[in-house]
Amino acid sequence: MKKLFALCIISLLVIQCKESKKNTQKIKRGLVSNNAMVVCARPEASAIGIAIMKQGGNAFDAMIATDLALCVAYPFAGNIGGGGFMVYRTKEGKTGALDYREKAPMAATKNMYLDKKDNIIKGKSTLGAMAIGIPGTIAGLFKVHKKFGSLPFEKLIQPAIDLAKKGVVVTKKQAERLNKYKKYFAQANDHTILLDKDWQEGDTIKYPNLAKTFMRIKNSGKDGFYKGKTADMLVSYVQKLGGVITKKDLESYNAKWRKPIVFTYKDLKIISMSPPSSGGICDAQIFKAIEPYDIASYGHNSVKAIQLITEAERRAFADRSFFLGDPDFVKIPIDTLISAKYVQKRMANFSWDKATLSADVTHGNIVGYESNETTHYSIVDKFGNAVAVTTTLNGAYGSKVYVSDGGFFLNNEMDDFSAKPGTPNMFGLLGAEANSIKPEKRMLSSMTPTIVEKKGVLFMVVGSPGGSTIITSVMQTILNVYEFGFGMQEAVDAPRFHHQWLPDVVVLEPTGFDSILVKKLEAKGYPIKQNKTRIIGKVDAILLLPDGRLEGGADYRGDDEAVGF
Ligand code: GLY
């Protein structure tokens, strides 16, 4: 009896110790601002978004200006030749989502990436003119402006025009990227493009033709991209390279308002992107799977925390590959997929002793019845509006097809379709019929722009690039703050890991996980990949501190920066 009493006391002390560490640990904060903040992939673009808000613009105005500035400052993923998703929460607490994802061209066919023997034609969906989906970005920005803009569009696009004319200084990371992809620019185009040089840190790149395209958009609105000179340049160049995009494809593109995925995790309300992105549903499933467990008591990136999250991810990604696709084309049992009952039933065979094999996991049974070459930014304005946007060309510089006269790259988003069931795409993701190619269908995404409320109040704005690892990165960043007591910058900096059902491997970032932990996981049957792994996600996030100020988390893994006032 005495022994039992002593054991209880020791357990209580251990729990208290862990709790007090969580509450008292010194938080190393990122940039803290009183009024408004933009966190994105380049300081030039963050500064432009902030300048718009200083002029009285709201978060939506800042979104438009930041997005356009990223086209200039971050051509790696910032784009007018791609697409994206936005999740918002207004100062009144109203939430919504915008889908400006690319669509398959009207001439697309289910087997367009297969040869006569039904084998995938290597590179056809990733490099060159056949890889391109109909771009949605400009349609999306005008849709946002119509509903929420408070400043004239001309004023929002002007800073990007000025930046394109003035030029952007090349960073070390940017020079490395440009030089790495140079050979692909030559393969995808029929001439030497502006970016096809040996770049060095400190060089300046000016984009005069992009400035002219922006001028046409400034003067003619959405038609400045989807009709007239820009459309002519785009279509004639893509067709010259053997692509199938027509002027009709461009003219008929439309961005769509969607109902976001909304779910609770303990006392958080999480608002995230709905299909055609898989992000919101996958994260809802992962959070619902781990909710019954006291993950904070296991410790950040502990064996138990990694096990639990991995098993939740395994099951969520298996469902993703079977059920998810463009909701305009496939029926998705969303309510069931994100219900605690369904998800927790999927976790019933999880064991602390031994990893579940992905080979033994398939999608759930529902009766009756989806790299770092993307970019995310988070914005909060002084009024309390919050905007989370993830936008992409898909691969680095997209298809590498560069409309030189227009000054922009075109995406290779067609690779996000399931070109052949059972054959992975560039992110190793498998797909099924739900994500098969059809004319005008949107390809499944992993982009997860997300806004979190705590007790009814704005708590966090978060998102990441990284293909399938976006889902993981967003979820781990929220957990780092909410469960493990990290500040926003600390949560972004923390090492991340990833599992996506297949391939059956837990990927760890190269640094931050010691060999003892790796051995313990391997002993339980988790295959680990750590050496030569890439960074996982590149999170840009904003946290509302208890005193009402904003803390930015800008990912050190890129050139990302928070700017605020
Ligand atoms: N192109 C990456 C994604 O949409 O998930």
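The values are calculated or read from the model by the stated rules, or taken from the named source; none is laboratory data. From a predicted model like this one, the values you see are computed outputs, not experimental measurements. Please note: Cβ atoms are built from the backbone with ideal geometry, for glycine as well, and neighbour counts cover all protein chains shown. Quick note on the areas: whole protein, heavy atoms, side chains included, nothing else; ligands and nucleic acids left out. Shrake-Rupley method; radii C 1.70, N 1.55, O 1.52, S 1.80 Å.
Give 427, 417, 350, 409 a once-over and let me know the one that is surrounded by fewer than 24 Cβ atoms within 10 Å (Cβ to Cβ) and within 16 Å of the ligand (Cβ to nearest atom). First the steps, then the outcome.
Values: 417 fails: surrounded by fewer than 24 Cβ atoms within 10 Å (Cβ to Cβ); 350 fails: within 16 Å of the ligand (Cβ to nearest atom); 409 fails: surrounded by fewer than 24 Cβ atoms within 10 Å (Cβ to Cβ).
After ruling out the rest, the residue left standing is 427.
Are there any pairs, at least 6 apart or on different chains, whose C-beta atoms fall under 8 Å, with the first in the stretch 280-306 and over 17 Å from residue 452 (Cβ atoms) and open to solvent by less than 40 Å² (accessible area, probe 1.4 Å) and the second among the β-branched types (Val, Ile, Thr) and outside any helix (DSSP H, G or I), and if so, which?
Close Cβ pairs (under 8 Å, with a partner that is among the β-branched types (Val, Ile, Thr) and outside any helix (DSSP H, G or I)) amount to 306/506.
Can you say whether residue 355 is surrounded by fewer than 24 Cβ atoms within 10 Å (Cβ to Cβ) and more than 16 Å from the ligand (Cβ to nearest atom), as far as the supplied structure shows?
Yes: the conditions hold for residue 355.
Answer with yes or no whether residue 339 is closer than 24 Å to residue 99 by Cβ and open to solvent by 10 Å² or more (accessible area, probe 1.4 Å). Let's see the steps before the verdict.
Values: closer than 24 Å to residue 99 by Cβ: yes; open to solvent by 10 Å² or more (accessible area, probe 1.4 Å): yes.
Yes; evaluated as a whole, the condition is true for this residue.
Restrict the check to the stretch 240-250 and report whether at least one residue is open to solvent by 20 Å² or more (accessible area, probe 1.4 Å) and among the β-branched types (Val, Ile, Thr). Steps first, please.
We begin by selecting, within the stretch 240-250, every residue open to solvent by 20 Å² or more (accessible area, probe 1.4 Å); these are 240-242, 244, 246-248.
Filter once more, keeping what is among the β-branched types (Val, Ile, Thr): 244, 246.
Yes, the stretch 240-250 contains a residue that is open to solvent by 20 Å² or more (accessible area, probe 1.4 Å) and among the β-branched types (Val, Ile, Thr).
For the stretch 379-406: of the residues being more than 29 Å from residue 552 (Cβ to Cβ) and open to solvent by less than 10 Å² (accessible area, probe 1.4 Å), which is nearest to the ligand (Cβ to nearest atom)?
The first filter runs over the stretch 379-406 and keeps only residues more than 29 Å from residue 552 (Cβ to Cβ), leaving 399-406.
From what's left, open to solvent by less than 10 Å² (accessible area, probe 1.4 Å): 399, 401-403, 406.
Details: 399: 12, 401: 16, 402: 18, 403: 20, 406: 22 Å.
The extreme case among them is 399.
Only helices (runs of 4 or more DSSP H) wholly contained in the stretch 142-247 count here; list those with 2 or more residues that are more than 30 Å from residue 107 (Cβ to Cβ). Outline the logic, then answer.
On the way: elements: 153-166, 172-188, 208-220, 223-226, 228-240.
So the answer is 153-166, 172-188, 208-220.
Yes/no per residue for (1) crowded, with 20+ Cβ neighbours inside 10 Å; (2) closer than 16 Å to residue 428 by Cβ:
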{"site": "467", "(1), (2)": "yes, yes"}
{"site": "474", "(1), (2)": "yes, no"}
{"site": "529", "(1), (2)": "no, yes"}
{"site": "537", "(1), (2)": "yes, yes"}
{"site": "541", "(1), (2)": "yes, no"}
{"site": "556", "(1), (2)": "no, no"}
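Pick from 433, 440: which is away from the ligand (no atom under 16 Å from the Cβ) and on the phi > 0 side of the Ramachandran plot?
Values: 433 fails: on the phi > 0 side of the Ramachandran plot.
Of the residues listed, the single one that is away from the ligand (no atom under 16 Å from the Cβ) and on the phi > 0 side of the Ramachandran plot is 440.
For the stretch 46-67, name all the residues that are within 12 Å of residue 377 (Cα to Cα) and either within 18 Å of the chain's Cα centre (by Cα) or of a type in the set (Asp, Glu) (or both).
Selection gives 46, 63, 64, 66, 67.
Out of the stretch 530-556, which residues are charged (D, E, K, R) and modelled with pLDDT under 95? Quick ask: steps written out before the conclusion?
Going residue by residue through the stretch 530-556, those that are charged (D, E, K, R) are 532, 534, 538, 540, 547, 549, 551, 555.
Listed by number, the residues that qualify are 532, 534.
Would you check if there is a residue in the stretch 308-323 being over 19 Å from residue 441 (Cα atoms) and not in a helix (DSSP H, G or I)? Even if it seems obvious, please write down each step before you answer.
To start, the set of residues in the stretch 308-323 that are over 19 Å from residue 441 (Cα atoms) comprises 308-319.
Add one more test, that the residue is not in a helix (DSSP H, G or I), and what stays is none.
No, there is no match, as no residue in the stretch 308-323 is over 19 Å from residue 441 (Cα atoms) and not in a helix (DSSP H, G or I).
Using the structure shown, decide if residue 253 is modelled with pLDDT of 95 or more, of a type in the set (Phe, Trp, Tyr) and part of a helix (DSSP H, G or I).
Details: modelled with pLDDT of 95 or more: yes; of a type in the set (Phe, Trp, Tyr): yes; part of a helix (DSSP H, G or I): no.
So residue 253 fails the test.
Could you list all residues from the stretch 90-102 that are touching a strand residue (DSSP E or B) at 6+ places or on another chain (Cβ under 7 Å) and open to solvent by 20 Å² or more (accessible area, probe 1.4 Å)? Write out each step before concluding.
Of the residues in the stretch 90-102, the ones touching a strand residue (DSSP E or B) at 6+ places or on another chain (Cβ under 7 Å) are 95-102.
Of everything in the stretch 90-102, just one residue is touching a strand residue (DSSP E or B) at 6+ places or on another chain (Cβ under 7 Å) and open to solvent by 20 Å² or more (accessible area, probe 1.4 Å), namely 95.
Cβ-Cβ below 7 Å, separation at least six or inter-chain, first residue in the stretch 400-415 and acidic (Asp, Glu), second within 16 Å of the ligand (Cβ to nearest atom) and part of a strand (DSSP E or B): which pairs?
413/83
Applying the selection to the stretch 63-85, what residues are of a type in the set (A, V, I, L, M) and within 16 Å of residue 142 (Cβ to Cβ)? Please lay out each step first, then the result.
Kept after step one, since they are of a type in the set (A, V, I, L, M), are these residues of the stretch 63-85: 63-65, 68-70, 72-73, 77, 80.
Residues satisfying the conditions are 63, 64, 65, 68, 80.
Being in contact with a Ser or Thr (Cβ under 7 Å, 6 or more places away or on another chain) and among the basic types (Lys, Arg): is that true of residue 177 here?
So residue 177 does not fit the description; no.
Only one of 232, 267 is more than 16 Å from the ligand (Cβ to nearest atom), over 30 Å from residue 472 (Cα atoms) and open to solvent by 10 Å² or more (accessible area, probe 1.4 Å); which? First the steps, then the outcome.
Details: 267 fails: over 30 Å from residue 472 (Cα atoms).
Answer to the selection: 232.
Can you tell me which of (1) in a loop (DSSP other than H, G, I, E, B); (2) modelled with pLDDT under 95; (3) open to solvent by 40 Å² or more (accessible area, probe 1.4 Å) is the one residue 366 doesn't meet?
Status for residue 366: all satisfied but (3).
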